[in-house]
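Novice: Sharing a structure, written as structure tokens. Questions coming.
The values are calculated or read from the model by the stated rules, or taken from the named source; none is laboratory data. Worth saying up front: this structure is predicted, and the values here are computed from it rather than measured. No Cβ is skipped: glycine too gets one built from the backbone with ideal geometry, and neighbour counts run over all protein chains shown.
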Amino acid sequence: MADDANTNEGAKAVEGAPPPRPVRGPQPLPPSAQPQDHYDAIKAKFAEARDLRLGYRPQGTAQFTSELTGELSRYAVNPHTEVAPPREPIRDHVECLFIGGGFSALLTAARLRERGVESIRIVERGSDVGGTWYWNRYPGAACDVPAADYLPLLDEMGYLPARFYAPGPEIFAHCQAIARRYDLYDLAVFHTTITSTIWDDQAQVWRLGTDRGDELTARFVICANGTLSKPKLSKIAGMETFAGHAFHSSRWDFGYTGDDLSNLSDKVVGIIGTGASAVQIIPRLAKAAKHLYVFQRTPSAIDIRNDRPTDPEWAARQQPGWQQARRDKHLRGRPLTEEQKAELAALTREEKIRRQENGNIDNMMRIHRRIDEIVQDPATAEALKPWYMYMCKRPCFDDEYLPAYNRPNVTLVDTHGEGITEITAQGPVFEGQTYPLDLLIYATGFEVQKTGIYNRIVGQGGVDLNQRYDEVGIRTLLGVHSHGFPNLFIMGGYQASFQFNLTFMLQTQGDHIAECIKLAREKGAATIDVKADTEEWWVQEVISHRGKTSRNADCTPGYYNFEGEFNRRQDGNYNGGFQQYFTHMSAVRSDLEAHFDFR
């Protein structure tokens with residue numbers, strides 16, 4: 001599972017070495033490797049590919065649905081538990097309540113425990129903690145960030161990951177270990193979805209309702225429902241009529257496929273999507289299925305992975321506090337030499353942009369060459385080449401994905417940016433050809449960074465949070481606080497920094513939230529609410545650092561840019577860099593009383 005960065009876009013891969021990793025802070029900008037007309041021609045092709053996609057699907061995010069009801073409800077069924085165990089409705093009060101049980105909740109709850117908070121409840125839709133790693137158990141699920149960086153609380157847990165990249169089962173087990181270590185199972189409520197979160201101004205508490213009839217109250221509520229958690233499907237005519245077996249990649253049906261996929265040996269399988277999940281799934285399906293059809297709309301950028309066991313000599317050198325020191329080093333970034341600083345200072349803004357773009361293109365052309373070197377069929381190789389700037393769509397790192405297309409039982413159905421628009425009882429249809437399938441897998445992604453995905457949140461004065469965002473645009477401080485919603489904290493949402501290593505960003509938010517709650521408790525304040533002028537300051541910060549996401553000339557549509565639709569200028573992530581985001585957060589926390597009302 002790719003987990004959703006500033007990247008060294010011009011970095012070169014070394015044979016046998018790990019892929020280029022995110023690099024923070026300003027970097028040297030080497031001169032272009034080719035004449036400028038070479039880069040201009042490629043940029044023109046990027047724009048052509050972008051326009052082609054927009055021409056087919058101009059409706060932006062409306063081309064998907066996450067309202068999985070009626071005939072589509074089967075795609076939301078939890079395959080990891082048969083029936084939620086019966087229980088009586090709960091009617092009680094806790095100090096801190098988390099909506100969701102993934103890393104957001106676990107990391108923040110751990111920090112609250114360290115600050116002496118005892119009354120903590122997790123309310124989770126699934127049957128255990130883990131979030132992304134509870135739901136996504138498809139074959140090959142793994143993180144594409146080095147485990148030493150991605151797995152959080154390694155210092156506190158005294159744990160070292162087994163491999164350079166952690167597989168899904170190891171990450172899930174780590175989540176469970178954190179919950180046990182910090183006694184988070186004691187008050188946890190599973191098989192339960194929060195459906196309403198309403199502020200009671202008179203009682204100064206949040207009143208929460210659930211799909212199990214619970215009537216809960218909490219002093220503080222943390223929305224930890226996940227950055228990518230609610231599965232969505234492309235709206236395809238006739239998808240309800242498909243007569244074969246079908247499921248979403250995050251609801252993998254091992255009862256049908258077999259734990260080792262051996263049940264697929266006589267099955268024709270199709271998968272719609274070639275994003276981060278599909279890139280990990282497809283090589284496994286290719287080995288197991290009688291035949292595999294991959295239906296591609298836009299190819300992913302596939303870079304070297306080079307996974308390997310953790311080096312025991314490296315592990316032996318790590319001293320207590322090693323992960324925090326590693327993260328501090330990431331925050332500081334790679335220092336420039338005086339010569340490099342002088343070189344940067346001498347460049348005009350236009351030249352810096354030109355060199356950044358050209359370095360980006362060089363990197364993408366390296367990825368193209370890798371495809372040509374691996375994929376034997378020239379037409380298939382050409383179809384697998386991504387024509388957009390690096391980081392316009394989520395980059396992927398895999399060493400088995402491209403070779404899978406050399407297998408005789410694997411067929412790439414490239415839809416040239418159009419996507420599948422019709423499904424019959426037999427299977428998907430493209431350009432008049434029907435592809436009969438026994439099994440159809442939707443690897444079509446999730447709702448992205450939505451607050452209250454199953455839950456109506458109403459603050460002071462009866463203001464609905466998502467309705468407010470729809471009317472005036474997203475308004476927060478640091479992506480965490482919204483004025484008029486006291487004692488409410490949002491994690492992994494918009495207007496926070498975008499960070500490829502998501503758990504790093506979530507940990508900084510968790511630390512911040514724990515400090516805010518600690519101060520409110522110390523002051524004996526019933527509520528903490530961000531001041532309106534502080535919220536406005538952050539909205540302007542987001543806008544000034546390219547918070548606007550629009551149909552630009554470089555990026556093909558995808559979830560990074562709202563599928564290319566027009567959006568208000570603050571509806572997006574803070575793009576001033578994670579180091580600057582962390583600096584802003586630290587500055588706010590150094591004087592919380594200047595930025596918040598405590599009552």
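Novice: Quick one: would you say residue 250 is among the small types (Gly, Ala, Ser), within 25 Å of residue 107 (Cβ to Cβ) and at pLDDT below 95?
Specialist: When the stated conditions are applied, residue 250 does not pass them.
Novice: Among the candidates 92, 155, 144, which residue alone is over 14 Å from residue 173 (Cβ atoms), among the acidic types (Asp, Glu) and surrounded by 20 or more Cβ atoms within 10 Å (Cβ to Cβ)?
Specialist: Selected residue: 144, the only one of 92, 155, 144 that is over 14 Å from residue 173 (Cβ atoms), among the acidic types (Asp, Glu) and surrounded by 20 or more Cβ atoms within 10 Å (Cβ to Cβ).
Novice: Right, here's the next one. Given the criterion under 30 Å from the mean Cα position of the chain (by Cα), of a type in the set (D, E, K, R) and at pLDDT 95 or above, identify the matching residue among 290, 385.
Specialist: Every option except 385 fails the conditions.
Novice: Mind checking whether some residue in region 509-523 is at pLDDT 95 or above, of a type in the set (A, V, I, L, M), touching a helix residue (DSSP H, G or I) at 6+ places or on another chain (Cβ under 7 Å) and not in a helix (DSSP H, G or I)?
Specialist: Taking every residue of region 509-523 in turn, none turns out to be at pLDDT 95 or above, of a type in the set (A, V, I, L, M), touching a helix residue (DSSP H, G or I) at 6+ places or on another chain (Cβ under 7 Å) and not in a helix (DSSP H, G or I).
Novice: Looking only at region 425-440, decide whether some residue is at pLDDT 95 or above and within 26 Å of the chain's Cα centre (by Cα).
Specialist: Kept after step one, since they are at pLDDT 95 or above, are these residues of region 425-440: 425-440.
Those left that are additionally within 26 Å of the chain's Cα centre (by Cα): 440.
Scanning region 425-440, I find at least one residue that is at pLDDT 95 or above and within 26 Å of the chain's Cα centre (by Cα), so the answer is yes.
Novice: Any residue that is β-branched (Val, Ile, Thr) and under 30 Å from residue 473 (Cα atoms) - is there at least one of those in region 367-380?
Specialist: Filtering region 367-380 down to residues β-branched (Val, Ile, Thr) leaves 367, 371, 374-375, 380.
Cutting the leftovers down to under 30 Å from residue 473 (Cα atoms) gives us none.
So far as region 367-380 goes, no, none of its residues is β-branched (Val, Ile, Thr) and under 30 Å from residue 473 (Cα atoms).
Novice: When you go through (1) at pLDDT 95 or above; (2) crowded, with 18+ Cβ neighbours inside 10 Å; (3) assigned to a loop (DSSP other than H, G, I, E, B) one by one for residue 226, which number turns out not to apply?
Specialist: The number of the failed condition is (1).
Novice: Quick one: which of 75, 39 is more than 30 Å from residue 206 (Cβ to Cβ), modelled with pLDDT of 90 or more, of a type in the set (Phe, Trp, Tyr) and more than 25 Å from the chain's Cα centre (by Cα)?
Specialist: None of the other options fit; the residue is 39.
Novice: Pick from region 330-350 the residues that are out of contact with any helix residue (DSSP H, G or I) (no Cβ under 8 Å at 6 or more places or on another chain) and surrounded by 13 or more Cβ atoms within 10 Å (Cβ to Cβ): which of them is nearest to residue 31 (Cα to Cα)?
Specialist: 343
Novice: On to the next question. Looking only at residues in region 470-486 that are over 22 Å from the mean Cα position of the chain (by Cα) and hydrophobic (A, V, I, L, M, F, W, C), which one is surrounded by the fewest Cβ atoms within 10 Å (Cβ to Cβ)?
Specialist: Applying the filter and picking the extreme gives 472.
Novice: Consider residue 188 carefully, then state whether it is modelled with pLDDT of 95 or more and surrounded by fewer than 17 Cβ atoms within 10 Å (Cβ to Cβ).
Specialist: no
Novice: Inside region 38-73, can you point out the residues that are under 22 Å from residue 232 (Cβ atoms) and touching a His at 6+ places or on another chain (Cβ under 9 Å)?
Specialist: Hits for region 38-73 are 56, 68.
Novice: Please enumerate the residues belonging to region 62-85 that are part of a loop (DSSP other than H, G, I, E, B), crowded, with 17+ Cβ neighbours inside 10 Å and in contact with a Lys or Arg (Cβ under 6 Å, 6 or more places away or on another chain).
Specialist: Passing the criteria: only 66.
Novice: Assuming residue 500 fulfils every condition listed in (1) closer than 30 Å to residue 273 by Cβ; (2) out of contact with any Pro (no Cβ under 7 Å at 6 or more places or on another chain) apart from one, which condition is it?
Specialist: Going through (1) closer than 30 Å to residue 273 by Cβ; (2) out of contact with any Pro (no Cβ under 7 Å at 6 or more places or on another chain) one by one, residue 500 breaks only (2).
Novice: Condition test on residue 445, is it touching a Lys or Arg at 6+ places or on another chain (Cβ under 8 Å) and among the small types (Gly, Ala, Ser)?
Specialist: The answer is yes for residue 445.
Novice: Out of (1) in a helix (DSSP H, G or I); (2) acidic (Asp, Glu); (3) in contact with a Gly (Cβ under 9 Å, 6 or more places away or on another chain), what's the single condition that is false for residue 149?
Specialist: It is condition (3) that residue 149 fails.
Novice: If a residue must be crowded, with 16+ Cβ neighbours inside 10 Å and not hydroxyl-bearing (Ser, Thr, Tyr), how many such residues does region 371-396 contain?
Specialist: The number of residues fulfilling the criteria is 16.
Novice: Considering 278, 286, which residue is surrounded by fewer than 23 Cβ atoms within 10 Å (Cβ to Cβ), hydrophobic (A, V, I, L, M, F, W, C), outside any loop (DSSP other than H, G, I, E, B) and touching a strand residue (DSSP E or B) at 6+ places or on another chain (Cβ under 7 Å)?
Specialist: On the way: 278 fails: surrounded by fewer than 23 Cβ atoms within 10 Å (Cβ to Cβ).
Just a single option satisfies the conditions, and that option is 286.
Novice: Please determine whether any residue of region 459-470 is in contact with a strand residue (DSSP E or B) (Cβ under 6 Å, 6 or more places away or on another chain), under 24 Å from residue 66 (Cβ atoms) and either assigned to a loop (DSSP other than H, G, I, E, B) or modelled with pLDDT under 95 (or both).
Specialist: Looking through region 459-470, at least one residue is in contact with a strand residue (DSSP E or B) (Cβ under 6 Å, 6 or more places away or on another chain), under 24 Å from residue 66 (Cβ atoms) and either assigned to a loop (DSSP other than H, G, I, E, B) or modelled with pLDDT under 95 (or both).
Novice: I've got another one for you. Examine region 136-146 for a residue that is among the charged types (D, E, K, R), within 27 Å of residue 317 (Cβ to Cβ), in contact with a Phe, Trp or Tyr (Cβ under 9 Å, 6 or more places away or on another chain) and assigned to a helix (DSSP H, G or I), and state whether such a residue exists.
Specialist: no
Novice: For region 159-196, give me each residue that is under 19 Å from residue 112 (Cβ atoms) and not in a helix (DSSP H, G or I).
Specialist: Once the filter is applied, which keeps residues that are under 19 Å from residue 112 (Cβ atoms) and not in a helix (DSSP H, G or I), region 159-196 yields 182, 183, 184, 185, 186, 187, 188, 189, 194.
Novice: Right, something else. Please go through (1) among the acidic types (Asp, Glu); (2) farther than 22 Å from residue 222 by Cβ; (3) crowded, with 16+ Cβ neighbours inside 10 Å; (4) modelled with pLDDT of 95 or more for residue 529 and return the number of the only condition it doesn't satisfy.
Specialist: Unmet for residue 529, out of (1) among the acidic types (Asp, Glu); (2) farther than 22 Å from residue 222 by Cβ; (3) crowded, with 16+ Cβ neighbours inside 10 Å; (4) modelled with pLDDT of 95 or more: (2).
Novice: Quick test of your reading of the structure: residue 535 fulfils all but one of (1) surrounded by 16 or more Cβ atoms within 10 Å (Cβ to Cβ); (2) at pLDDT below 95. Name the failing condition by number.
Specialist: All conditions pass for residue 535, except number (2).
Novice: Right, residue 467: polar (S, T, N, Q), at negative phi, surrounded by fewer than 23 Cβ atoms within 10 Å (Cβ to Cβ) and over 26 Å from the mean Cα position of the chain (by Cα) or not?
Specialist: It is false that residue 467 is polar (S, T, N, Q), at negative phi, surrounded by fewer than 23 Cβ atoms within 10 Å (Cβ to Cβ) and over 26 Å from the mean Cα position of the chain (by Cα).
Novice: Could you count how many residues in region 426-452 are closer than 30 Å to residue 100 by Cβ and part of a loop (DSSP other than H, G, I, E, B)?
Specialist: Qualifying residue count, region 426-452: 7.
Novice: Just one of (1) surrounded by fewer than 23 Cβ atoms within 10 Å (Cβ to Cβ); (2) assigned to a loop (DSSP other than H, G, I, E, B) trips up residue 130, so point out which.
Specialist: (1)
Novice: So which of 88, 156, 118 ends up being outside any loop (DSSP other than H, G, I, E, B) and modelled with pLDDT of 95 or more? Spell out how you get there, then give the answer.
Specialist: Details: 88 fails: outside any loop (DSSP other than H, G, I, E, B); 118 fails: outside any loop (DSSP other than H, G, I, E, B).
Of 88, 156, 118, the one residue that is outside any loop (DSSP other than H, G, I, E, B) and modelled with pLDDT of 95 or more is 156.
Novice: Given the conditions (1) out of contact with any Pro (no Cβ under 7 Å at 6 or more places or on another chain); (2) surrounded by fewer than 17 Cβ atoms within 10 Å (Cβ to Cβ); (3) within 20 Å of residue 126 (Cβ to Cβ), and given that residue 213 satisfies all but one, which numbered condition is not satisfied?
Specialist: That leaves (1) as the condition not met.
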